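Written below as C-alpha cells is the structure these notes are about.
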Amino acid sequence: MAAPWRDVVRDAAAVREAAAVAVDAALLAGVLMRTGEQPNASDVVNYAPFTLLPSAVPRALFEQAYAVQQDFNLLVDAISQNKEFLEQTLASTIKVDDFTARLFRIYMQVLEEGLAQTVFLGINRSDYMFDCGLDGTAALRQIEINTIAASFGGLTSRTADVHRLVLKVLGKTEEASNLLPNNPAKGLALGLAKAWELYGSQRAVVMFLVEDTQRNIFDQRCIENELWNRNIRVIRRRFRDVFEQGSLDGSRRLYMDGQEVAVVYYREGYVPQTYNQQNWEARLLLERSRAVKCPDIATQLAGTKKVQQELSRPGTLEKLLPGRPEAIARIRATFAGLYSLDEGEEGDRIAATAIADPDRFVLKPQREGGGNNLYGEELRQVLEKIKDSPERTSYILMDKIKPQPALNYLLRAHSPLQVSECISELGIFGVYVRQGQELVLNQAAGHLLRTKAIEHADGGVAAGVAVLDTPYLV
C-alpha cells in the first residue's frame, strides 16, 4: 500500500509545528473527551486521541465496504426477525455464557408476550481490516458487526477538518482537498428522527440510555444536537433511572418522569458489568414497551460472535436472504475464516489446530466494547484449559488478519510526540428503519477510521488503545 507521507514523517521540525496546530484544531472543532480523572464533568476536557496524519486506505476496498453496508443492514434485520435461527445458533452458547443467556431469556419472554413495538431501528457499524496477502495485495476482511452502542460517529464527523488543516500546514494543499466529507452524526440522527416520526407522537421524546461514567459524552452530543435541530426533544437516562422512574401504560407506552418515550437509543447495555438485578429488570421493562429500541434485544443478539461465525457456514446466508444472490456474494467476499468451537469432532479438530499454531488465529468471546479478544500465547493457554470443557462453546475462532503497517504519529494528551508503526481498522455506519414488514430506510451513514500502534493486539478508542483517524484514499 502506498505511503503518501514518507517525506513528512522524517521531518521533526515540521511534525512538531503540525502537531501543535493539530491539537488546537481538534479542540476548536470539538474532537473532545472528558478526562479520566473527572469522567462526569465537562469543566475540564481534553482532545480525543487522533493521528497527526490521515492514513492511506485502498480506494477499491473503501468503496467495497460502502457498497456492502446496505446488504449487512438487510442481513442484521433478517436475523433479528428469525427466531428459529437465533434459537439454533445460540443454543450451545447460552448453556455456558450467562450474559447471552439472560439477554436470550428476555428475548423469548417478550416474544411470548407479543411484541408491542411496530417500528424497528438499526444503527450498526461493520468493522474491517485490510489483510495483506503473500503477494502484497490487500483484501477487505470483516472483523465484526456492532449492533449496539456503535460509537464515535459524532467525533469522527469533526476529525476530517482537523486533518485537512494539518495537510495544508504541511504544504499539501492538493492532498487536503482530496479528503472525503464524512458526517455519520447526521446519518445516525436521520435514522433516530425517522423512527421518532413513525412512532407517531409529536410530544414524545428520544431517550439516550447512557452509562454511569460518561467520558465520551461529546460523541453523543453531536447526534443529540442534530435531533434538537429538528425540534425533537432528547433526554439522557441510566438504567437506574429507568428502574426507579420508568413505567408502562395499558398500551405499553413507555413513560419516564411523565414523558412519553418514542425511541430508546442504547449507548450502554453491551457488557455484563452493566447489569445488576435492577438493571436487568429495567432492560425487561424497556423491551416490553412499545418504544422503538435501538437496538431491540433480537438485534443485539444478531450481533453476537456466535452468529457471525454461523453466517460463514455454507448455505446460511441463502436461508436468511432468499433471492438475493448479489447481496450474498458481496457479504461473503468480506468474510475472514471463522470456526466453531462447539463440542464434537469439528470443534476438537479446530481447538487442536489453534493450540498447535496460535499465531494464526484470534479467540473471540461473545463480548462488545473492545479489549476482549485473545491472541498468541494467551490464546493457547486459555484453549488448553477449556479444550475439554463445554466452556469453549462461549468462544469462536477467527483467522488472524495481517495488515501492512505504516508510520504515523498518535497524538494523545500528556504523551510524547513519537513516530509509531501503525495499523488501521475501517468501520462503516449503517442505518435502517422498518415499519411492520416494510423497510422505509436503508443506507450507509458514514465511516470511522481508527488506528493503533502494532504492539497493541486489541482494543478501540474508548479502551484507550486506538485513536481517531481519517482515510486518505490511494
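The values are calculated or read from the model by the stated rules, or taken from the named source; none is laboratory data. Note that the structure is predicted; figures quoted are calculated from it, not measured. Heads up, the Cβs are rebuilt from the backbone with ideal geometry, glycines too, and the neighbour counts pull from every protein chain shown. Quick note on the areas: whole protein, heavy atoms, side chains included, nothing else; ligands and nucleic acids left out. Shrake-Rupley method; radii C 1.70, N 1.55, O 1.52, S 1.80 Å.
Remarks
- When Leu417, Leu439, Leu448 are checked against the criterion of being of a type in the set (A, V, I, L, M, F, W, C), under 25 Å from His163 (Cβ atoms) and assigned to a strand (DSSP E or B), a single residue qualifies: Leu448.
- Consider segment 330-349 and keep the residues that are modelled with pLDDT of 85 or more and open to solvent by less than 60 Å² (accessible area, probe 1.4 Å). The one that is farthest from Ala78 (Cα to Cα) is Ala336.
- Tallying residues that are closer than 13 Å to Leu468 by Cβ and over 18 Å from the mean Cα position of the chain (by Cα) within segment 421-455 yields 1.
- The residues on offer are Lys452, Lys385, and the sole one that is closer than 25 Å to Asp24 by Cβ and of a type outside the set (A, V, I, L, M) is Lys452.
- Meeting the requirement of 3 or more residues that are open to solvent by less than 30 Å² (accessible area, probe 1.4 Å), the helices (runs of 4 or more DSSP H) wholly within segment 119-220 are 156-169, 184-199.
- Hey, Lys306 open to solvent by less than 20 Å² (accessible area, probe 1.4 Å), within 21 Å of the chain's Cα centre (by Cα) and assigned by the TED database to the domain that holds Ile145 or not: yes
- Any hit, segment 159-169, residues being in the same structural domain as Tyr265 (by the TED database) and over 23 Å from His447 (Cα atoms): yes
- Selected residue (only one of Ala26, Ala12, Ala67 is open to solvent by less than 10 Å² (accessible area, probe 1.4 Å) and in the same structural domain as Leu170 (by the TED database)): Ala26
- Residue match in segment 77-88 (condition: touching a strand residue (DSSP E or B) at 6+ places or on another chain (Cβ under 8 Å) and charged (D, E, K, R)): yes
- Residue within segment 396-408 that is open to solvent by 30 Å² or more (accessible area, probe 1.4 Å), of a type outside the set (Gly, Ala, Ser), closer than 30 Å to Ala19 by Cα and in a strand (DSSP E or B) present: yes
- Leu115 being touching a Lys or Arg at 6+ places or on another chain (Cβ under 7 Å), surrounded by fewer than 21 Cβ atoms within 10 Å (Cβ to Cβ) and outside any strand (DSSP E or B): no
- Search result, residues across segment 280-303 that are among the hydrophobic types (A, V, I, L, M, F, W, C), assigned to a helix (DSSP H, G or I) and buried (at least 19 other Cβ atoms within 10 Å of the Cβ): Ala282, Leu286, Ile297, Ala298, Leu301, Ala302
Conditions (1) among the basic types (Lys, Arg); (2) in the same structural domain as Pro49 (by the TED database), marked per residue:
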{"residue": "Arg392", "(1), (2)": "yes, no"}
{"residue": "Tyr395", "(1), (2)": "no, no"}
{"residue": "Ala406", "(1), (2)": "no, yes"}
{"residue": "Gln418", "(1), (2)": "no, yes"}
{"residue": "Gly427", "(1), (2)": "no, yes"}
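- Checking each residue in segment 133-155 for being over 28 Å from Arg360 (Cβ atoms) and either of a type in the set (Phe, Trp, Tyr) or at pLDDT below 95 (or both) picks out only Phe152.
Here is a yes/no grid of residues against (1) aliphatic (A, V, I, L, M); (2) touching a Ser or Thr at 6+ places or on another chain (Cβ under 8 Å):
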site	(1), (2)
Tyr107	no, no
Gly114	no, no
Val119	yes, no
Met129	yes, yes
Leu134	yes, no
Thr137	no, no
Leu140	yes, yes
Ile143	yes, no
Ala149	yes, no
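- Failed item in (1) more than 27 Å from Glu310 (Cα to Cα); (2) basic (Lys, Arg); (3) open to solvent by less than 20 Å² (accessible area, probe 1.4 Å), with Arg412 passing the rest: (3)
- Any chance Ser55 is in the same structural domain as Ala329 (by the TED database), among the hydroxyl-bearing types (Ser, Thr, Tyr) and open to solvent by less than 20 Å² (accessible area, probe 1.4 Å): yes
- Test: residue in segment 242-252 that is hydroxyl-bearing (Ser, Thr, Tyr), at pLDDT 95 or above and assigned to a helix (DSSP H, G or I): no
- Scanning segment 86-98 for residues that are touching a residue at least 12 places away in the same chain (Cβ under 8 Å) and surrounded by 19 or more Cβ atoms within 10 Å (Cβ to Cβ) gives Leu86, Thr89, Leu90, Ser92, Thr93, Asp97.
Quick grid of which residues meet (1) assigned by the TED database to the domain that holds Ala185; (2) surrounded by fewer than 17 Cβ atoms within 10 Å (Cβ to Cβ); (3) in contact (Cβ under 8 Å) with a residue 60 or more places away in the chain; (4) assigned to a strand (DSSP E or B):
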| residue | (1), (2), (3), (4) |
| --- | --- |
| Ile223 | yes, no, yes, no |
| Glu226 | yes, no, no, no |
| Arg240 | yes, yes, no, no |
| Val263 | yes, no, yes, yes |
| Gln278 | yes, yes, no, no |
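- Segment 381-420: number of residues that are basic (Lys, Arg) and under 26 Å from the mean Cα position of the chain (by Cα): 4
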